[in-house]
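Working notes, beginning with the structure itself.
The values are calculated or read from the model by the stated rules, or taken from the named source; none is laboratory data. These numbers come from a predicted model, not from an experiment. Cβ sites come from the backbone with ideal geometry, for glycine too, and all protein chains shown count toward neighbours. Accessible surface areas use protein heavy atoms only, side chains included; no ligands, DNA or RNA. Shrake-Rupley method; radii C 1.70, N 1.55, O 1.52, S 1.80 Å.
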Amino acid sequence: MTKKIIKYSVIFLLIGFVAYNSVYFKSLSQLKAEDEAKNFDATKYAEDYLNKELPALFNKVPDVDTLMSLLKAEPKKAFKLYSNAMAIGNVKFFMTKGAGTVNSISDNEIILLTAGKQRFTVATEFIFGNALRDASGIIKVEDFTNSADLNNVSAEINKLVRQKVLPPFKGKVKLGDKVTFIGAFELNQEHINLKNIEIVPVKIAVQ
């Protein structure tokens, strides 16, 4: 009798263990977050950002000559007023706009010289990184349920610039042209180097 009791007790415990590990519960908020992540469309998000949200800031973006002068004279003020970043650290992102004369053209970039004698690079081929995503301050980390979606948005923004913004410009630009642009760049606030700034354009045209 004792052996039977032990046998059935063991069987009962095994059934209970299997049942416990087979059934689990999720909160409604967790299920909603998983559903949103599954259905997230990074391309659509990037298109809306570039075509609807970002243009609303264009009038507020600092002129490149003005921004460079401030970065030279009062860097802390420039970073406080105009930079944005999602992550904690020294690397910050700026939006800027302006005009310049094409001083050099290569397969990957052009060099512009502004009226204020600022010389800088505008990327025209290798568009990567988070400058266009982060510089505006519009997109927030807390808007996303996971880092993969956030990274995909950055990749889609860069792809749209490569595919739609740059080809018309590259097809007509030549040395000596006057070019207008709006774009973003990154800068390390602990090691400020204004000589090697590369602007990633979100809007660029030959005047």
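Looking for whichever is of a type outside the set (Val, Ile, Thr), assigned to a strand (DSSP E or B) and without any contact (Cβ under 8 Å) to a residue 60 or more places away in the chain here; the options are Ala184, Ala205. Which one fits? Let's see the steps before the verdict.
Details: Ala184 fails: without any contact (Cβ under 8 Å) to a residue 60 or more places away in the chain.
After applying the criteria, what remains is Ala205.
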- For the range 40-47, state whether one or more residues are open to solvent by less than 90 Å² (accessible area, probe 1.4 Å), outside any loop (DSSP other than H, G, I, E, B) and modelled with pLDDT under 95. no
- Message: Of everything in the range 67-94, what is free of Cβ contacts under 8 Å to residues at least 40 places away in the same chain and surrounded by 14 or more Cβ atoms within 10 Å (Cβ to Cβ)? Give them in sequence order.
- Response: Leu67, Leu70, Ala78, Tyr82
- Item | Among (1) closer than 21 Å to Val141 by Cα; (2) exposed (fewer than 13 other Cβ atoms within 10 Å of the Cβ); (3) at pLDDT 95 or above; (4) not β-branched (Val, Ile, Thr), the one test that Leu31 misses | (3)
- Query: Has the range 142-157 got at least one residue that is closer than 22 Å to Lys60 by Cβ, at pLDDT below 95 and either polar (S, T, N, Q) or in contact with a helix residue (DSSP H, G or I) (Cβ under 9 Å, 6 or more places away or on another chain) (or both)?
  - Reply: yes
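Every residue, every condition in (1) aromatic (Phe, Trp, Tyr); (2) out of contact with any helix residue (DSSP H, G or I) (no Cβ under 8 Å at 6 or more places or on another chain); (3) over 20 Å from Phe58 (Cα atoms); (4) crowded, with 19+ Cβ neighbours inside 10 Å, yes or no:
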site	(1), (2), (3), (4)
Lys164	no, yes, no, no
Phe185	yes, no, no, yes
Gln189	no, no, yes, no
Asn193	no, yes, yes, no
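Would you mind stating whether Asn146 is open to solvent by less than 70 Å² (accessible area, probe 1.4 Å), among the polar types (S, T, N, Q) and over 13 Å from the mean Cα position of the chain (by Cα)? Steps first, answer last, please.
Values: open to solvent by less than 70 Å² (accessible area, probe 1.4 Å): yes; among the polar types (S, T, N, Q): yes; over 13 Å from the mean Cα position of the chain (by Cα): yes.
Taking the combined requirement at face value, the residue satisfies it.
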- Just one of (1) hydroxyl-bearing (Ser, Thr, Tyr); (2) free of Cβ contacts under 8 Å to residues at least 24 places away in the same chain; (3) buried (at least 20 other Cβ atoms within 10 Å of the Cβ) trips up Thr124, so point out which. (2)
